[in-house]
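**Q** One structure coming up, written as structure tokens, with questions to follow.
The values are calculated or read from the model by the stated rules, or taken from the named source; none is laboratory data. All values reported here derive from a predicted model rather than from experimental measurement. Because the Cβ atoms are built from the backbone with ideal geometry, glycine has one as well, and the counts that use them run over all protein chains shown. SASA here: full protein model, heavy atoms, side chains in, ligands and nucleic acids out. Shrake-Rupley method; radii C 1.70, N 1.55, O 1.52, S 1.80 Å.
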Amino acid sequence: MYDVVVIGGGPAGMAATIRAKELGLKVLLLDDNDYLGGILLQCIHPGFGIHYFKEELTGPEFAYRLMNKLDGVEVKTSARVLEIINYSDLEKFVVFTSPEGVQKVSTKTIIYTAGARERHAFEIGIVGDRVAGIYTAGEAQTLMDIYGIMPGKEIVIVGSGDVGLIMARRFSLEGAKVKAVIELMPYPGGLARNIMILKDFNIPLYLSHKVVEVRGRGRVEKIKVVKVDENLREISGTEFWIEADTLVISAGLIPNVKLLTEIGVVIDPSTGGPIVNDRLETSVPGIFVAGNALLINDLVDYVAEQGELAAEGAKEFIENGGIPSKRWIRLVKGENIRLLAPHYLSGERDVWIYARVARPMEDVVVEFVEIGKKIKLPVVKPAEMLRIKLRAKEISKAEDKITMKVVKHE
Amino acid sequence: MDKVKVAIIGAGITGASIARVLSKYENLEVHLIDKNPDVGWGVSKANTAIIHGGYDDDPDKYPMRAKLCIRGNRLWHQWVKELEIPHVWNGALIVALKDEDFKELEVLLERGIRNGVPEMRIVDKDELFKLEPGLTREALGALWVPIVGQIGPIPAVIAIVENAVANGVKTHLETEVRGIKVENGEVRGVETNNGFVEADIIINAAGLYADEIARMAGVDYFEIHPRKGEYWIFDEGIPGPKRVLFPTPTPISKGIVVTTEISGHLMIGPNAQDLPPEEKENTATTREGLEEVWKGAKKLWPQLPPRSKVIRTFAGLRPEPTGGDFIIKAEGEVWGFINVAGIRSPGLTSAPAIAYEVAEIIQRDLGIELVEKKKWNPYRREITHFFALSYEKVNELVKRNPAYGKIVCRCNKVSEGDILEAVERMKFIGVKTPSIDSVKFRTKATTGTCQGSFCRPRIIQILAREYGVSPWEVTLKGKGSEIGIGDVKVLVRGE
């Protein structure tokens, strides 16, 4: 029997595995790709690891550093988990398939780090012809940076989040013309450093616009764009067409939680990931979650950090035959908080709170109401995750809940 | 004995079914011609996938439809078994929402009885909600037609063509018919972009283009115009009905259907929008059409999911002929030219019956005595689907080929072995251009929650390897839909 089976060999899964190994646990790491590293390997741009490794790395470099620490761990790639069986709170089975066939292993805990998927064209209501040349940003990135395929030469990108902006740069560097980045919201969705890309490469950004239709015969030929008002309603008469051969959709990520929901793990609709306690344990005892399967992160450093936290949770679980019952204090969303995790705090340890605001605001106070904690910030943006440490002592001041809110500084 | 050469134009459900039935005969040499890279990519590709009950078509107005629909339904019960076509026999409810609707249901019931449809009856509210608890509370009753079923339409065409080819039918894909040679009032053959195909009999099963093909033979008494229908398909896990739910029909359409399609996804559609004859390639979805479907479906099924739960929308075209009935006949002026035209709804249901009808026409009207083969193989084995296998069975397959243990499409659990088998079967029926759609229709890869964003790049690699082409030359749906323009440095090099 394993102490931990880690599902997913991206940064969260590798960091969880390494930490679990350091803690003396017997670990199996499973990944369904032919290689470890997850999405990192296709992220050939720099900007990774500033917090975690204290230096700036590319995605593959970040992945490589983690891989180097996996010596002595049992790893299976090309291994897809088919089923998790919650046999008892202290024993689970993981059924997976690989070129060796279907196998079933038993384990005390599971750390689930299966990442996220991208929203696709149908989900965001684009109509028209079904033609070649429509890709999600991650798919275009895989084609270019894993397989060396150039998808097209005249590009329109939906969404100004980090992935979309990075792909705008990537396409430009390979000689393609990025004709527009179309953003639904009135503000750009990416980190400030990535928004600079648009200026660097002279790429027009259309805020408060959406792509509604694609037309073409075999390939994308033209893309219809329309302006939206402050309620995101289309303004008729503002439609225009952009000629392009490629449409790249970067309209957000959704945690991959299907295997978890099949065994009854409770999902938080605002994060799309599981509801967790400060050990990153889900509502099914002994199943922990980290990385983008927990909530969509903007920095890989946080993803790796969550992997480590989950491993420490698994250790505590194994030592105690379960996470000891405590007085769990709920962390709840207040004004201008769109999502947050973890959802339950014990007050026995310091905790990193990850949260996102619903809308940008300047000169604000992040307030944890019931415990009187206030943090001043010059600016908050939905694109930039808030990561705030709450101390054990602060948390334990609360009765049963702590409300997190973001308000204007007065 | 000289063989009679038969050229079938159109490898959709109709042409494929005809090819299969004609492959039973020793003295026929059957050629199946289609302009698309693969079979079933015209009208057959996008429809409601229902094996209808045969109560809908008025035998006075549309005698062919009335006769062939019920006969086709009965034949499908046999064909899905012989050919291992995915199917479900779940029955249909034609729902009355107003008191007046019962009058129409009575008409349908009577017509069904006249057409020979068994097992139909009108059910009251109590029984209706036992059959379908999620139906709108406004429903007053329904016509219950238990013999209705659903199949995978393209998997059906593929299965039929595989079986036909195994029985000696020759396919000509990516072959566009440019002319029909007629001499002394008899057909001689088909002129195509890939040369001349000699033929003593030409069967025009060209779907939306049947009028154009007929004109090439000098037959011009009918016209086909496209009628567009749009659909929504939702993510798995969204509760849908157990039966096929129809509203009470209108004169032009059976109405917007709510159903759980055979893969288990809630599907709604179609509306009916008439397009001019020149818009035979217009399969674009539209905001208006999809809205209409949404509103229509909501009347029967109020619990539609949020719009973000859609995984796909699509549009299909039905070929509407002059007069409204199927046109299935040997043309008197041109000996050897058989029209199988205007195969609109219920064409999928009728296809096997149409095929037998054509065999009869060949004997009766062309006077060709058909000699049955001593050995004709009615069976075809379904492609391996990892998702349908037990773990023991997977492990048996893995011993033979480890690729069966490796998942490529996560959402639908499609293994690399499934995909390799799809490629083998594509090559078997003569698919020359590798396309993602060819793999999709055989394996279900790319049709799940993520719509292929994870597996498409991996399928491209497999297709490139197996077909010996560069990865960027792999297509989505045939030439002109290549997935890339070259290697990643192609633009930087200035090519």
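**Q** If a residue has to be more than 21 Å from the chain's Cα centre (by Cα), touching a residue at least 60 places away in the same chain (Cβ under 8 Å) and part of a strand (DSSP E or B) to count, how many in the range A:1-60 make the cut?
**A** 4
**Q** Restricting to the range A:145-164, name every residue that is free of Cβ contacts under 8 Å to residues at least 60 places away in the same chain and not in a loop (DSSP other than H, G, I, E, B).
**A** A:ILE149, A:MET150
**Q** Within the range B:248-288, restricting attention to residues that are of a type in the set (D, E, K, R) and under 24 Å from B:PHE234 (Cβ atoms), which residue is farthest from the other protein chains (Cβ to nearest Cβ)?
**A** Let us first name the residues in the range B:248-288 that are of a type in the set (D, E, K, R), namely B:254, B:261, B:274, B:278-281, B:287-288.
Then drop every residue that is not under 24 Å from B:PHE234 (Cβ atoms), which leaves B:254, B:261, B:287-288.
Details: B:LYS254: 24, B:GLU261: 16, B:ARG287: 6, B:GLU288: 9 Å.
Across the range B:248-288, the extreme among qualifying residues is B:LYS254.
**Q** Are any residues in the range A:280-324 more than 25 Å from A:GLU262 (Cα to Cα) and not charged (D, E, K, R), and if so, which ones?
**A** Matches in the range A:280-324: A:LEU299, A:VAL300, A:TYR302, A:ALA304, A:ASN320, A:PRO324.
**Q** Within the range A:317-325, is even one residue in contact with a Leu (Cβ under 6 Å, 6 or more places away or on another chain) and not in a loop (DSSP other than H, G, I, E, B)?
**A** No; the residues of the range A:317-325 include none that is in contact with a Leu (Cβ under 6 Å, 6 or more places away or on another chain) and not in a loop (DSSP other than H, G, I, E, B).
**Q** Go through the range A:234-249 residue by residue and tally those that are within 12 Å of chain B (Cβ to nearest Cβ), assigned to a strand (DSSP E or B) and either among the basic types (Lys, Arg) or open to solvent by 40 Å² or more (accessible area, probe 1.4 Å) (or both). Spell out how you get there, then give the answer.
**A** Applying the first criterion (within 12 Å of chain B (Cβ to nearest Cβ)) to the range A:234-249 yields A:234, A:236, A:239, A:245-246, A:248-249.
Filter once more, so that each one left must be assigned to a strand (DSSP E or B): A:234, A:246, A:248-249.
Okay, now just the ones that are also either among the basic types (Lys, Arg) or open to solvent by 40 Å² or more (accessible area, probe 1.4 Å) (or both), so A:234.
Of the residues in the range A:234-249, 1 are within 12 Å of chain B (Cβ to nearest Cβ), assigned to a strand (DSSP E or B) and either among the basic types (Lys, Arg) or open to solvent by 40 Å² or more (accessible area, probe 1.4 Å) (or both).
**Q** Return the only residue of A:ARG359, A:ARG387 being assigned to a strand (DSSP E or B) and not hydroxyl-bearing (Ser, Thr, Tyr). Outline the logic, then answer.
**A** Working: A:ARG359 fails: assigned to a strand (DSSP E or B).
Of the residues listed, the single one that is assigned to a strand (DSSP E or B) and not hydroxyl-bearing (Ser, Thr, Tyr) is A:ARG387.
Condition check ((1) open to solvent by less than 60 Å² (accessible area, probe 1.4 Å); (2) over 21 Å from B:THR260 (Cα atoms); (3) part of a loop (DSSP other than H, G, I, E, B); (4) assigned by TED's automatic domain parsing to the domain that holds B:HIS52) across all residues:
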site	(1), (2), (3), (4)
B:ARG65	yes, yes, no, yes
B:LEU68	yes, yes, no, yes
B:ARG74	no, yes, no, yes
B:LEU105	yes, yes, no, no
B:GLY112	yes, yes, no, no
B:LEU135	yes, no, yes, no
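**Q** Of the conditions (1) out of contact with any Cys (no Cβ under 8 Å at 6 or more places or on another chain); (2) crowded, with 22+ Cβ neighbours inside 10 Å; (3) at the interface with another protein chain (Cβ under 7 Å from one of its Cβ atoms), A:GLY148 clears all except one; give me its number.
**A** (2)
**Q** Any idea which of B:GLU372, B:GLU416 is farther than 28 Å from B:SER44 by Cα, touching a residue at least 40 places away in the same chain (Cβ under 8 Å) and either within 14 Å of chain A (Cβ to nearest Cβ) or open to solvent by 50 Å² or more (accessible area, probe 1.4 Å) (or both)? Steps first, please.
**A** Values: B:GLU416 fails: farther than 28 Å from B:SER44 by Cα.
Going through B:GLU372, B:GLU416 in turn, the sole match is B:GLU372.
A quick yes/no check of all residues on (1) in contact with a helix residue (DSSP H, G or I) (Cβ under 9 Å, 6 or more places away or on another chain); (2) not in a strand (DSSP E or B):
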{"position": "B:ALA315", "(1), (2)": "yes, no"}
{"position": "B:GLU320", "(1), (2)": "no, no"}
{"position": "B:LYS329", "(1), (2)": "yes, no"}
{"position": "B:VAL340", "(1), (2)": "yes, no"}
{"position": "B:LEU348", "(1), (2)": "yes, yes"}
{"position": "B:TYR356", "(1), (2)": "yes, yes"}
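**Q** Further, regarding this structure: Given (1) part of a helix (DSSP H, G or I); (2) at pLDDT 95 or above; (3) within 13 Å of another protein chain (Cβ to nearest Cβ), where does A:GLY175 come up short, assuming only one miss?
**A** (1)
**Q** Related question: May I ask you to say which residue of B:GLY468, B:GLY494 is farther than 16 Å from A:MET144 by Cβ, more than 27 Å from the chain's Cα centre (by Cα) and at pLDDT below 95?
**A** On the way: B:GLY468 fails: at pLDDT below 95.
Of the residues listed, the single one that is farther than 16 Å from A:MET144 by Cβ, more than 27 Å from the chain's Cα centre (by Cα) and at pLDDT below 95 is B:GLY494.
**Q** If you don't mind, another one. Of A:LEU82, A:LEU70, which residue is surrounded by 15 or more Cβ atoms within 10 Å (Cβ to Cβ) and within 11 Å of chain B (Cβ to nearest Cβ)?
**A** Details: A:LEU70 fails: within 11 Å of chain B (Cβ to nearest Cβ).
Of the residues listed, the single one that is surrounded by 15 or more Cβ atoms within 10 Å (Cβ to Cβ) and within 11 Å of chain B (Cβ to nearest Cβ) is A:LEU82.
**Q** Pairs needed: first member in the range A:108-137, in contact (Cβ under 8 Å) with a residue 60 or more places away in the chain and open to solvent by 20 Å² or more (accessible area, probe 1.4 Å); second member anywhere, in a strand (DSSP E or B) and of a type in the set (Asp, Glu); C-beta distance under 7 Å; at least 6 residues apart or different chains.
**A** A:LYS108/A:ASP3; A:LYS108/A:GLU91
**Q** With respect to A:LEU340, determine if the residue is touching a strand residue (DSSP E or B) at 6+ places or on another chain (Cβ under 7 Å) and within 20 Å of A:THR271 (Cα to Cα). So that I can check it myself, show each step before the final result.
**A** Details: touching a strand residue (DSSP E or B) at 6+ places or on another chain (Cβ under 7 Å): yes; within 20 Å of A:THR271 (Cα to Cα): yes.
The answer is yes for A:LEU340.
**Q** Checking the structure you have, find out if any residue of the range B:160-169 is in contact with a Gly (Cβ under 9 Å, 6 or more places away or on another chain), part of a strand (DSSP E or B) and in the same structural domain as B:GLU357 (by TED's automatic domain parsing).
**A** No, the range B:160-169 contains no residue that is in contact with a Gly (Cβ under 9 Å, 6 or more places away or on another chain), part of a strand (DSSP E or B) and in the same structural domain as B:GLU357 (by TED's automatic domain parsing).
**Q** Search the range B:464-488 for residues being part of a loop (DSSP other than H, G, I, E, B), free of Cβ contacts under 8 Å to residues at least 40 places away in the same chain and more than 7 Å from every other protein chain (Cβ to nearest Cβ), and hand back the single one that is surrounded by the fewest Cβ atoms within 10 Å (Cβ to Cβ). Write out each step before concluding.
**A** We begin by selecting, within the range B:464-488, every residue part of a loop (DSSP other than H, G, I, E, B); these are B:468-470, B:474, B:476-481, B:483-485, B:488.
Adding the requirement that they be free of Cβ contacts under 8 Å to residues at least 40 places away in the same chain leaves B:468-470, B:480, B:484-485, B:488.
Okay, now just the ones that are also more than 7 Å from every other protein chain (Cβ to nearest Cβ), so B:468-470.
Values: B:GLY468: 7, B:VAL469: 15, B:SER470: 13.
This residue is B:GLY468.
**Q** So, of the residues in the range A:195-223 that are of a type in the set (Asp, Glu) and over 27 Å from the mean Cα position of the chain (by Cα), which turns out to be least open to solvent (accessible area, probe 1.4 Å)?
**A** So the residue we want is A:GLU213.
**Q** I'd like the residue in the range B:218-230 that is open to solvent by 10 Å² or more (accessible area, probe 1.4 Å) and in a strand (DSSP E or B) and, out of all such residues, is farthest from B:LEU304 (Cα to Cα).
**A** In this case the residue turns out to be B:HIS225.
**Q** Exactly one condition in (1) more than 8 Å from chain B (Cβ to nearest Cβ); (2) farther than 13 Å from A:LEU247 by Cα; (3) hydrophobic (A, V, I, L, M, F, W, C) is false for A:ALA140; which is it?
**A** Only one criterion is unmet by A:ALA140, namely (2).
**Q** Let me ask another. Report every pair of residues separated by at least 6 positions or lying on different chains whose Cβ atoms are under 7 Å apart, first residue within the range B:452-463 and under 18 Å from A:GLY38 (Cβ atoms) and touching a residue at least 12 places away in the same chain (Cβ under 8 Å), second surrounded by 24 or more Cβ atoms within 10 Å (Cβ to Cβ) and of a type outside the set (Val, Ile, Thr).
**A** Going by the 7 Å Cβ cut-off, the qualifying pairs are B:CYS455/B:CYS409; B:CYS455/B:ALA445; B:ARG456/A:GLU139.
**Q** Output the number of residues of the range B:289-305 satisfying the condition of being small (Gly, Ala, Ser) and within 14 Å of chain A (Cβ to nearest Cβ). Give the derivation first.
**A** Initially, the range B:289-305 is screened for residues small (Gly, Ala, Ser), giving B:289, B:296-297.
Right, trim to within 14 Å of chain A (Cβ to nearest Cβ) and you get B:289.
So the answer is 1.
**Q** Follow-up. Considering only the range B:327-355, how many residues are under 19 Å from B:PRO153 (Cα atoms) and either open to solvent by 10 Å² or more (accessible area, probe 1.4 Å) or among the small types (Gly, Ala, Ser) (or both)? Working first, answer last.
**A** Taking the range B:327-355 and keeping what is under 19 Å from B:PRO153 (Cα atoms), we get B:340-355.
So of that shortlist, the ones also either open to solvent by 10 Å² or more (accessible area, probe 1.4 Å) or among the small types (Gly, Ala, Ser) (or both) come out as B:341-345, B:347-348, B:350-351, B:353, B:355.
Counting residues in the range B:327-355 that are under 19 Å from B:PRO153 (Cα atoms) and either open to solvent by 10 Å² or more (accessible area, probe 1.4 Å) or among the small types (Gly, Ala, Ser) (or both) gives 11.
**Q** For the range A:85-105, name all the residues that are open to solvent by 80 Å² or more (accessible area, probe 1.4 Å) and within 14 Å of another protein chain (Cβ to nearest Cβ).
**A** Once the filter is applied, which keeps residues that are open to solvent by 80 Å² or more (accessible area, probe 1.4 Å) and within 14 Å of another protein chain (Cβ to nearest Cβ), the range A:85-105 yields A:GLU100, A:LYS104.
**Q** Determine, yes or no, whether A:VAL351 is in contact (Cβ under 8 Å) with a residue 40 or more places away in the chain and open to solvent by less than 10 Å² (accessible area, probe 1.4 Å).
**A** Details: in contact (Cβ under 8 Å) with a residue 40 or more places away in the chain: yes; open to solvent by less than 10 Å² (accessible area, probe 1.4 Å): yes.
Taking the combined requirement at face value, the residue satisfies it.
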